[in-house]
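Scroll down for the structure; my scribbles are underneath it.
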Amino acid sequence: MAQTRDSFGSRFAVVMALAGSAIGLGNIWRFPYMVGQYGGAAFILVYLACLVLIALPIFFAESIIGKSTGRDTFGALESIAPGTGWKNAGYIAIVASFVVLSFYSVVGGWSVDYLLRACTSGFHFEDPAQAASVFRDMNASAVEPLLCLVVFLGLTAVIVSAGVDKGIGRFAKITMPLLFLMVLLIVWRSLHLPGARAGVDYLLRPEFSKLNGRAVAAALGQAFFTLSLGVGTVLTYSSYMRKEENILHSGLWSAFFDTVFALFAGFAIMPAVFSYGIEPGAGPSLVFETLPVIFSRMGWVVPVIFFLSILIAALTSSISMLEVVVAWLVDQKGMSRRNATILTFVCALALGSACALSPRVFSTCDFLTSNVLMMAGAFIFAIVAGWKMSRSEFHKHFTNFGTSRASSAAFPLIYFLIRYITPIAIIAIAVANFF
Ligand code: TRP
């Protein structure tokens, strides 16, 4: 079965695609709020420690499994631990990816809806209560969210079916720089509002007294979610890296862009929220109820830019989820990329519609993936890379056969973190989440 596999054509494409997967709704609607709630700069330090010491090693574990085997999530685990049950663990990741895709696309659909509204006249909200009722009405009319879900999933599918480099890579190379530019424009507008200072203080003033166990668990959970760990996206994208690509390099750059974007999102949102004297919240209500009120008072350009940013951030993430499933269908089931994409699109549309129509289904899918499946997947990847792959294989692929000086220097620490620290940390978060 010597079919040639697609690959990313350049280092820039790899980093943009990985950063695109990492940067998503989590950066916009969770991170800024968490920072404010859990102690500003003090929380940022804890977050960075979690990112570097725990999340990044798991990223490297997934990446090395994908790159060294050049196969989909299932095939990669099978080739590292043949004849064992580990390959079945690949199914956990593939199912998780599919479930995340389904409910994430519902939110993607909302952003399509709000972008269209912002482009047409009459995008104006008096106060959060009125904006909340508009949001409720939109969801009560089943047709509108479903149509937008179809559009969002359709866009995702079109890009994925165009191929790894020509579709995913090219889309990320164009939209990611644009996304940074757009969010910087909003930051600039937001920081110039009267009273913006309070928002900056909210984000940056270090308050070590607010750092408790919950804050640490939140930081860890966020670091996991934002790097898209445990569901095979990093693994699958890494399987499309060319030989000369460097795992340490691409991981560090993606995490860097991801963190910078999260901070930018904070400076775009919080100064504006405080300037208008509105309580900052998190989640859908922040993006679809609070911020429309504020941004619609700044003319029509800012809301359009804002919802276009949300749409791009969500699309580059949903693409990465769809690709996990498509890669498996193509590599293991011998389907064409086009048919695999169509099949997954139809199935995700079915589960996504259920999520769009029932808040219960939506939150069950969210809880199941964020708290159970992602953790299980991350644990499995850490064990497989740290304990099932031989140390020499790991070293060879991590250091590009010993040619990378930086990777060779980082190897002992990263290998130690993957083998011992990350599995323990994952169990600790799982326990913390349940109590
Ligand atoms: N990291 C993205 C965010 O912050 C979401 C995301 C992309 C994701 N791929 C994922 C989450 C896979 C879980 C699993 O919004």
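The values are calculated or read from the model by the stated rules, or taken from the named source; none is laboratory data. Only a predicted model underlies this, so the values are computations on that prediction, with no experimental measurement involved. Cβ placement follows ideal geometry from the backbone for every residue including glycine, while neighbour counts extend to all protein chains displayed. Side chains included, ligands, DNA and RNA excluded: accessible areas come from the protein's heavy atoms. Shrake-Rupley method; radii C 1.70, N 1.55, O 1.52, S 1.80 Å.
Helices (runs of 4 or more DSSP H) fully within segment 1-59 that include at least 1 residues being β-branched (Val, Ile, Thr) and within 16 Å of the ligand (Cβ to nearest atom): 11-22, 31-37. For the condition surrounded by fewer than 15 Cβ atoms within 10 Å (Cβ to Cβ) and within 16 Å of the ligand (Cβ to nearest atom), what is the one hit in 363, 336, 358? Answer to the check: 363. If you go through segment 410-425 and keep only what is open to solvent by less than 80 Å² (accessible area, probe 1.4 Å) and free of Cβ contacts under 8 Å to residues at least 60 places away in the same chain, you end up with 411, 412, 415, 419, 423.
Conditions tested, residue by residue: (1) open to solvent by 60 Å² or more (accessible area, probe 1.4 Å); (2) assigned to a helix (DSSP H, G or I); (3) among the hydrophobic types (A, V, I, L, M, F, W, C); (4) in contact with a His (Cβ under 9 Å, 6 or more places away or on another chain).
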{"site": "148", "(1), (2), (3), (4)": "no, yes, yes, no"}
{"site": "152", "(1), (2), (3), (4)": "no, yes, yes, no"}
{"site": "158", "(1), (2), (3), (4)": "yes, yes, yes, no"}
{"site": "167", "(1), (2), (3), (4)": "no, yes, no, no"}
{"site": "176", "(1), (2), (3), (4)": "no, yes, yes, no"}
{"site": "181", "(1), (2), (3), (4)": "yes, yes, yes, no"}
{"site": "221", "(1), (2), (3), (4)": "no, yes, no, no"}
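Return yes or no: is residue 322 of a type outside the set (Ser, Thr, Tyr) and at pLDDT below 95? Here the answer is no, as residue 322 does not meet what is asked. Within segment 5-34, residues that are open to solvent by 20 Å² or more (accessible area, probe 1.4 Å) sit with their Cβ atoms under 7 Å from residues that are hydroxyl-bearing (Ser, Thr, Tyr) and not in a helix (DSSP H, G or I), at 6+ positions apart or across chains, in these pairs: 6/240; 7/240.
Of all residues in segment 223-238, none satisfies the criterion of being more than 10 Å from the ligand (Cβ to nearest atom) and either open to solvent by 10 Å² or more (accessible area, probe 1.4 Å) or at pLDDT below 90 (or both).
If you go through segment 314-324 one residue at a time, do you hit one that is more than 15 Å from residue 237 (Cα to Cα) and within 16 Å of the ligand (Cβ to nearest atom)? Yes, segment 314-324 contains at least one residue that is more than 15 Å from residue 237 (Cα to Cα) and within 16 Å of the ligand (Cβ to nearest atom). Given the condition assigned to a helix (DSSP H, G or I), touching a residue at least 12 places away in the same chain (Cβ under 8 Å) and farther than 30 Å from residue 139 by Cα, answer yes or no: does some residue in segment 363-375 qualify? The answer is yes, given that some residue of segment 363-375 is assigned to a helix (DSSP H, G or I), touching a residue at least 12 places away in the same chain (Cβ under 8 Å) and farther than 30 Å from residue 139 by Cα.
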